[in-house]
Structure formats: structure tokens, C-alpha cells
Amino acid sequence: MPSKHLHLLFRVVIVVLLAFLSSCGGSAQPTSTSNSTPLPETAATIAKNPSYSSPIAISDDDSLLVVANTLNGTISLINVAGDANAKLTEIQTGDEPRSVVITPNKAFAYVTNQASGTVSVIDLGSQAKVTDISVGGEPYGIALTPDASRAYVANSASGTVSIIDTASNSVVATISIPGVQPRGVAITNNNGGTGQQFVYVTQFLSQPTASGGPGLDQGSEGKVFVISSTDDAQIQGVITLAAHDTGFAADRTAFGGSDKEPTFAYPNQLQSIVLKNGRGYLPNVAASPEGPVKFNVDTQAFLSVFDVAAKSELSGGTINLHAAVKTQTFTPKLFVANPWAVAFKHASNDGYVVSAASDVLVKITLDDNGVPSVVSVPAEGDTTRVSLVEVGKNPRGIVINNADTRAYVYNFISKDVSVVDLSASPEAELARVQSADLPAPGSDAAKFLAGNELFHSSRGEFDEGATERMSNEGWQACASCHPDGLSDGVVWAFASGPRKSIPLNGTFSPQNQTGNQRVLNYSAVFDELEDFELNIRGVSGGKGLIVLQGTADPDPNVKAFDPPNSGREQLHIGGFGAWDAIVAWTQFRVPSPVSAHRGVDPNGEVGQQIVLGRQLFTQANCQACHGGAKWSTPQVDYARVSPFPETITLGTAPEPPAGQLSRFLQLVGTFDPANSIEKNANNAQALGQLGFNPPSLLSISAFPPYFHNGSCLTLECVLENQTHREAGGVTGVLDDPASRAALVQFLISIDATTEPINP
Ligand code: HEC
Ligand code: HEC
């Protein structure tokens, strides 16, 4: 490709020229606002490995780690040469740094800042931020081409990929991704890292297949989009990742099936992607939403595999890591919840999957065809024991050095890096390097972190000596369905009926966080976060957090409304009540996704639509049900005491209909008892006859599908329902499709910065 060579030559000339010019400019210290970026001295250096998005990166000479401290808004540089394992410095980036890459010449790091909508460029020589590049909404994953000439950034809120030219540190192209929440990125290192490369971008939340639908084990599929480095105009292809047999069986007698019906799960929460020997590997939290929803048969631990050349899923490649733990006879068993990242050795076929919720690495190995299998280590005469390496709290990223002797694991909650000795047998953690400061014990920040920890943990081990409090054998965490406190977009067959996981950003008012809380769930069956103690015990199989006084024994008297569950005797973490900490974190720290329309020109076409849409929202009286800063009018406006002061109505179905706070339910024409999906855990009619609890519209466009049963894939569809759109008592306002289109633009614009509309 001569034109490409010319292009490269041209670039090198420019680089040299600019380097010369900037060296003539004196000793100008780069500042955070400056746009004049010092350029890499050896711009032609080629990366040794394919680049992938990760919160931790290692330099090609194995000497330096760059770690994104998401909760602190900083990155840390850590010297790991010769096992120095010493933190060098911490540098402020933007808010919620998520992924980081290092140029092969070790001159710069690029960091995505999810909440700021920027990419920070860090000069690794002077250890200072050079500039912030504005990209799209909620940039998450980032990866570099092998020559580091370009960075590809997945903007999860705006549904785009920004292409950054690293010579000018500016966005040179933006590609639309026709999926939901583009997130993980990986780039090939073909032809010795020169010429055309391919960029792979994951869609975080899977969507229904054409013939499937929400709520079905095989009804949705994962997607990976393919971009060519030589064509910025279009998507080159889409790789679909299908549902697979999980290796687990469910008792589906209540649904007309057998008591050992094989279950399937579809890949979901495609956080990251790693390329190795012509294959792409995607660890993910697979979803098996058909009832009964309980541990063993709900969230699974998949590693999906695709064939790079064929651009399709590798036949027989995808595995369920949980299935390997199932066959283990050695006890105690620890399932490997929320596979979030993976890395492979360079000179061998061994790799390690990061299980974010279970705080371990799972060792895997690839056969000649690239098919993974979980490795066992003989232990106490048992050859079935899955090979696990214990790391820090909530690990979310991993890199392996080029010498294949060390793995470095980023731990999100303990804010440190686990240094794992890969030469040892079995592999073991060698050191822990603190990457960012932990909050002062006893402080509010410490309480939020403790709540964050419990929410993301499948284990639940406590000072009191209690174990398995959050789930059965580490099966799952709250975060398995509520990643970062939000929603996995799955419609689960819960006890009261098919229910989309509700994001927790709208549970408390972001403007009055001390009091203003929603009545909970689509059927108003709960009114306190602590009521989810029943989910820990009933769905996740954990022993729970509410205990009998002076013991670690679960208190059996836990009910939805009476007695109230807040302020109960509970286990402790860092000196805080376990539930108190989860509530505090949910109230004050669950982020609302930034709208794709944040910052649009109010006088532009979209801006004008938003202004009109807001008027239509008000005119149609949507605020009667979706008003206030929660964008959900119903709230707990009564005292939670015993005896319980509110009327609790049972549904029309036989047991187990949970009691409903019927005062808050609204009939909006979304319940069809004849629909075969509307079944409760006993295959009887689901709750819905009395109506539903109006959900929050805060950042709503980030959480398709819509309605309790996922029956609408788009906001346009939501507004086509005439009963619902006229439920505010005003008719005719939205009959015109153009008005509905404007209202949709307003709905997309609603995020934590939008001025609320009060009822
Ligand atoms: C298997 C998936 C799953 C797991 C695990 C899970 N949830 Fe949920 N969550 C859901 C679904 C589905 C809903 C909606 C339920 C409904 O409407 O009946 C929900 C609703 C909620 C709500 C209601 C929010 C609102 O504003 O109405 C809260 C709070 C909540 N979950 C907290 C938790 C906590 C805390 C945990 C861990 C102890 C947890 N969830 C574990 C799927 C899950
Ligand atoms: C009388 C109360 C009421 C009014 C008025 C109302 N809604 Fe709703 N809305 C609901 C209920 C209840 C649901 C949940 C229905 C379900 O899940 O089956 C809902 C669901 C939604 C959803 C889907 C949210 C999700 O997470 O699934 C959107 C979007 C929405 N409404 C927008 C609007 C707009 C825009 C208006 C004004 C045109 C409006 N609503 C008027 C009660 C209302």
C-alpha cells in the first residue's frame, strides 16, 4: 500500500519538524490547558502486542504501570522495573477515569474520563497532564494502533467511536456505532504492526435478536463492531455472540418443563476484549433470565470467543467458567462471578480471567484452535479444584509483562494493584501496591466505599467471621444485574413477573438525597433498600446481612413491609452497618449516566427539539407520574413503622404475589394478562392488574428496553401507547408523530443536570 507508506513518511516528517519547532520554543512546561503537545521522539516505535482497553496498562519495556483510579479522578504511575513496585506519582485526569493506554515509546498515556467526556493526555516524561481532548458522551474504552498514530475511543453515552490523531491530539473522525453503549476496544497488531489494522468495539448491553425477545434465555445476542484503520467512514462488519448451554439445569416444573431442564444464557455486559492468535476473547456476565430466577441459573460467567479472520463466533469456543467450578468436588467452592477482564501470556497459551465480584483470577489455557478451558490444580488429592489466584477487592483489569513473569491486577475497591508471580506454581500474589488513597476510617467517604464494596461483592465475608453473606458460594453480586449500581438491561422472570433490572440512579432524588426515596420496584412491592435482604437470601442464596442480636445468625423475621428493615441488627463493615453502607452508597454515589445530548447547542436543530419536547412533556402532564428530581413522582411519604400505616393489596394471582402499595400504582395500558410472558414464579398470572409504579426517567435512554417486561425497545415505542401518553389526563397533545419525535429528544436529554419538572 504505497499511499499508506507515503502517509507514514509524511507523518514522520511532520513529527520531526514539530519536534524541532517545539525544541526551539524554549523550556515551555506543558500545562493542563496547553494544546501544544510535545511529540514522541521515536514516533515510529511499534507496539509489541495488540492494544486493548483496560484500567491498567504496562509499558512495552515492562518497567511502568499506569493505573486509572476511577473513584479518585486520577492516574498513578508505578515503577515495576526489577520488582521495585513503587508508586512514583499520582496525576489528576478528568472525572471517572476508566481506561488507559501507553504509547509504545513510553512517551504518553491516554486516559478516558467517563464523566468528563474527555481523554487526558499525560506526558510520562514530565509526569504531567498535557491536555484534555473533548470526545463524545461517556468515553470508556480506548486502544491504540500499533504505531500509536491513532487512538480509538468508545463513547458509551453517545454511541460513537472517536478517532484521535495522536500527532495533533485532536479528533479526526467520529463513527456511529449502531449498538447500545459501545465500551471495550481492541486493535490488531497485524503485519508487524504496520499497514491496515482492525478495531473491535463491544456493545456493553446485549439486545434482542430479530426472532427473540427480552426475557428469553436465547432471546438476545452480544455484538462486536469491526472498524478498519484505513476507512473512517463505516463499520466493516458485526460479529454476533450467541446464547449457549450453561451446563446448569433448572427446575422448570412450574413452567411445564422438567425438574432438570438445561438452561441457556446469552452473553451480556461485554466490558472488554482481548486479541490473541487470531481470536478475540470477551469475558462477560451472561444472562439466563427465564424463571425461576435464582443462583445457579441466573447470571453466568462466560468467556465468549470469536474468530478474527472469519469475523464470527468461534464454533465450540465459548465457555462458562461457572461450569468448571460446578464440577469441582473440593470444598469450599467459590464461583467466579462477573468476569470483567482477561490477559494472556505472550509465549504460552495460559491466561487469567479477572472475576470482579469474587476477588480472584481464574487460570485458563487455550488449545491449538484457541478454545479456552479452565485449569485445575490438584489440591489435597482432589484434581478438580479450579486454579484461582486471590487478589484485592473488586479486580477489574489485568496486564501481563512481556517476560511473562508478572501479572498486574487493578483492584477497584481496595484501590491497589496486585502483583502476581506467574513463575511460581501455583501462581500467587507477591505484593500489593496502593494506587490511590483510601478514605479516612469512619468518614462518609469510607462509608460509601464500604457500600460500594458490598454491592460489588459476591462473597460477603465479615469481621464477625461470617461468610457467604452476599450469595451462595460466591455465585453473584448485586452488581451482576446492576453494574456500577445501574442496569444490565435484562428482563428477569422475578417472583412478581417479568421485570427489567431497575437502575438505582433514580431511586433517591439527586437533589434531596437525605429524604426523597422512591417506592420500589415496578409493582411497589418494596419500600426500603434493606428489603433486598429478601433478594440476597431468596435469589442469590446468601445468608444476608440482617442478624439476630449479638450473633451472626440470619434473623428469620424479614418481610417486605412490617417490621421495617432499616436500622435492624446487622453485620458490620469498617465499623458501619452493612445495609447502612449500601444505602449511603446508593443515595450519594451511584452516578446518573450523562445524556448523549449534554451540551448540545440550544439553538441548533436538536436543541430546539428538546425545548419543544420539554413543553410537550409539561403540557401532557407527564410530571404527574414522572415529576421532581427523581423523575418519578411516587415516594415514601409515610412513616416506616410497625404496625404498617399503608394499605397493602395483594395481586389477583395466587401465591406468591407480594403485597403491593396500591396507592402508588398507575394503570397505563402496559399489562396484558394474555401475554405468555406475564407469569410469576409459580407460572400463575404476574402482578400488573393493578398497574405499575412509574419508573424514573433519569438518564432513561441509557437503559433500554423499556417497560417492566421490555416490550418497547425504543422511546418512540413507549409513546405510541396512547393510554400511557394520555395518562396525565390530557388528550391529543402527542397524536402527531412529529410531536412525539420532539418529546423523545427531550427524554434522551434528561440527566442529573436537567431542571426537574414538578408535579
Ligand atoms: C438477578 C438480577 C438481580 C440481582 C442479583 C439484584 N437485582 Fe436489584 N433488581 C433487579 C430487577 C429485575 C429489579 C426490578 C424488580 C421489580 O420491579 O420487581 C431490581 C430492582 C432493584 C431496586 C429497585 C429500584 C427502584 O428504584 O425501584 C433496588 C433498590 C435493587 N434492585 C437493589 C438491589 C440490591 C441491593 C441487590 C443486591 C443485594 C440487587 N438489587 C440484586 C435485578 C437484580
Ligand atoms: C399516570 C401516570 C403516568 C403518566 C401521566 C405518564 N407515565 Fe410514563 N410510565 C408510567 C408507568 C406506570 C410506567 C411503567 C409501565 C410499565 O413498566 O409497564 C411508565 C413508563 C414510562 C417509560 C418507560 C420507563 C422504563 O424504565 O421502562 C417512559 C419513557 C415514560 N413512562 C415516559 C412518559 C412520558 C413521556 C409521559 C408523558 C407523555 C408519561 N410517561 C406519562 C406512568 C405514567
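The values are calculated or read from the model by the stated rules, or taken from the named source; none is laboratory data. Nothing here was measured: the structure is a model prediction, and the numbers come from that model. Note that we place each Cβ from the backbone using ideal geometry, even for glycine, and neighbour counts take in every protein chain shown. The protein model used for the area step is the full one, side chains on, heavy atoms only, and it has no ligands, DNA or RNA in it. Shrake-Rupley method; radii C 1.70, N 1.55, O 1.52, S 1.80 Å.
Relative to the Cα centre, what is the charge dipole magnitude of the chain, using +1 at the beta carbon of each Lys and Arg, -1 at the beta carbon of each Asp and Glu, and rounding to the nearest 20 debye?
Values: 45 positive and 71 negative charges, 150 e Å.
Approximately 720 debye in magnitude.
What lysines could a cross-link reach from K333, if we take a straight Cα to Cα line under 19 Å and drop same-chain neighbours fewer than 8 places away?
K294, K363, K393, K543
Please list, in order along the range 541-550, the HN-Hα scalar couplings obtained from phi with the Karplus expression 6.51 cos²θ - 1.76 cosθ + 1.60 (θ = phi - 60°), rounded to whole Hz, x for Gly and Pro.
x, x, 7, x, 10, 8, 10, 6, 3, x
At 1.4 Å probe size, with the rest of the protein present, what percent of the exposed accessible area of the range 267-386 is carbon and sulfur atoms? Each step should come with its number before you reach the end.
Numbers: 1780 of 3600 Å².
Reported share for carbon and sulfur atoms: 49 percent.
Place +1 on the Cβ of every Lys and Arg and -1 on the Cβ of every Asp and Glu in the range 444-589, take the dipole about the Cα centre, and give the residue among A450, T467, I573 whose Cα lies farthest towards its positive end.
Selected residue: A450.
Modelling each spin label as a point 7 Å along the Cα-to-Cβ direction, I'd like the N557/S63 distance in nm, to one decimal.
6.6
In debye, nearest 20: dipole of the range 571-703 around its Cα centre with unit charges on the Cβ of K, R (+) and D, E (-)?
Values: 7 positive and 8 negative charges, 43 e Å.
Around 200 debye, computed over the range 571-703.
Could you work out what % of the accessible surface of the range 37-192 is carbon and sulfur, using a 1.4 angstrom probe and leaving DNA, RNA and ligands out of the count? Don't skip to the end; give the middle numbers.
On the way: 2020 of 4430 Å².
Taking all protein chains in place, the range 37-192 shows 45 percent carbon and sulfur surface.
I'd like the orientation of helix 2-24 relative to the chain: the angle between its Cα long axis and the longest Cα principal axis, in ° from 0 to 90, rounded to 10.
Relative to the chain, helix 2-24 is tipped by roughly 80 degrees.
Using θ = phi - 60° and the Karplus form 6.51 cos²θ - 1.76 cosθ + 1.60, what ³J(HN,Hα) does each residue of the range 564-573 get, whole Hz, x for Gly and Pro?
x, 9, 7, x, 6, 4, 9, 5, 10, 9
Whole number in Å², please: accessible area per residue of the range 444-589, 1.4 Å probe, ligands, DNA and RNA not counted. It would help to have the intermediate numbers written out before the result.
Working: 4560 Å² over 146 residues.
Ligands and nucleic acids excluded, the figure is 31 Å² per residue.
When the gyration tensor of the chain is built from Cα positions, what are the square roots of 5 times its three eigenvalues, in whole Å, from largest to smallest?
On the way: eigenvalues 337, 198, 125 Å².
Square roots of five times the eigenvalues give 41, 31, 25 Å.
If one takes the longest principal axis of the Cα atoms in the chain, at what angle in degrees, from 0 to 90 and to the nearest 10, does the Cα axis of helix 605-619 lie?
That works out to roughly 10 degrees.
Between the range 290-338 and the range 212-263, what's the alpha-carbon centroid distance in Å?
Comparing the Cα centres of the range 290-338 and the range 212-263, I get a distance of 13 Å.
Once you keep just the Cα pairs under 8 angstrom separated by 6 or more residues, what percentage relative contact order results for the chain?
Working: 2021 pairs, mean separation 64.7, N = 759.
Contact order relative to length: 9 percent.
For S348 and T384, compute 0.36 nm times the residue count separating them, minus their Cα-Cα distance, and round to one decimal in nm.
Values: separation 36, 0.36 × 36 = 12.96 nm, distance 2.25 nm.
Result for the pair: 10.7 nm of gain on full extension.
Could you give each residue of the range 438-451 its phi-based ³J(HN,Hα) in whole Hz, using Karplus coefficients 6.51, -1.76, 1.60 with θ = phi - 60°, and x for Gly or Pro?
Each residue's phi maps through the Karplus curve to give 8, x, 4, x, x, 7, 4, 4, 5, 5, 4, 5, 5, x Hz.
Rounded, prolate or oblate: which fits the range 444-589, taking a ≥ b ≥ c as square roots of the Cα gyration tensor eigenvalues, rounded meaning a/c under 1.5, else prolate when a/b beats b/c?
Since a/c stays below 1.5, the shape of the range 444-589 is classed as rounded.
Too long at a 27 Å Cα-Cα cut-off: which of K311/K500; K106/K415; K129/K415; K326/K447? Before the final figure, lay out each step's value.
Working: K311/K500 31 Å; K106/K415 24 Å; K129/K415 21 Å; K326/K447 35 Å.
Flagged as over cut-off: K311/K500; K326/K447.
If I compute solvent accessible area with a 1.4 Å probe over the protein chains, what percent of it on the range 444-589 is carbon and sulfur?
Details: 2250 of 4560 Å².
Result for the range 444-589: 49 percent of the exposed heavy-atom area is carbon or sulfur.
Kindly report the accessible area of the range 294-387 per residue (heavy atoms of protein chains, probe 1.4 Å, no ligands, DNA or RNA), in Å².
On the way: 3200 Å² over 94 residues.
Spelled out: the 1.4 Å probe surface of the range 294-387, per residue, equals 34 Å².
How high is the relative contact order of the range 224-292, in percent, counting Cα pairs under 8 Å that sit 6 or more residues apart?
With pairs under 8 Å counted, the relative contact order is 22 percent.
Using Cα-Cα distances under 8 Å and only pairs 6 or more residues apart, what relative contact order does the range 444-589 have, in percent?
That works out to 31 percent.
Dipole of the range 444-589, Cα-centred, from +1 at each Lys and Arg C-beta and -1 at each Asp and Glu C-beta, to the nearest 20 debye?
In total the dipole reaches around 460 debye.
Take T753 and S443, extend 7 Å from each Cα along the Cα→Cβ direction, and tell me the distance between the two endpoints in nm.
2.7
What is the angle, in °, between the Cα long axis of helix 578-589 and the longest principal axis of the Cα atoms in the chain? Nearest 10 is fine, range 0 to 90.
Tilt relative to the chain: about 70 degrees.
Which number comes out as Rg/Rh for the range 574-694 once both Rg and the Kirkwood Rh are worked out on C-alpha atoms?
Numbers: Rg = 19.8 Å, Rh = 18.5 Å.
Ratio of gyration radius to Kirkwood radius for the range 574-694: 1.07.
May I ask you to give the solvent-accessible area per residue for the range 145-242, in square angstrom, as obtained with a 1.4 angstrom probe?
With the other protein chains kept in place, the range 145-242 gives 29 Å² per residue.
Between V172 and S425, what FRET efficiency comes out of the Förster formula 1/(1 + (r/R0)^6) with R0 = 56 Å and r the beta carbon distance, rounded to 0.05?
Details: r = 48 Å, r/R0 = 0.85.
The formula returns an efficiency of 0.70 here.
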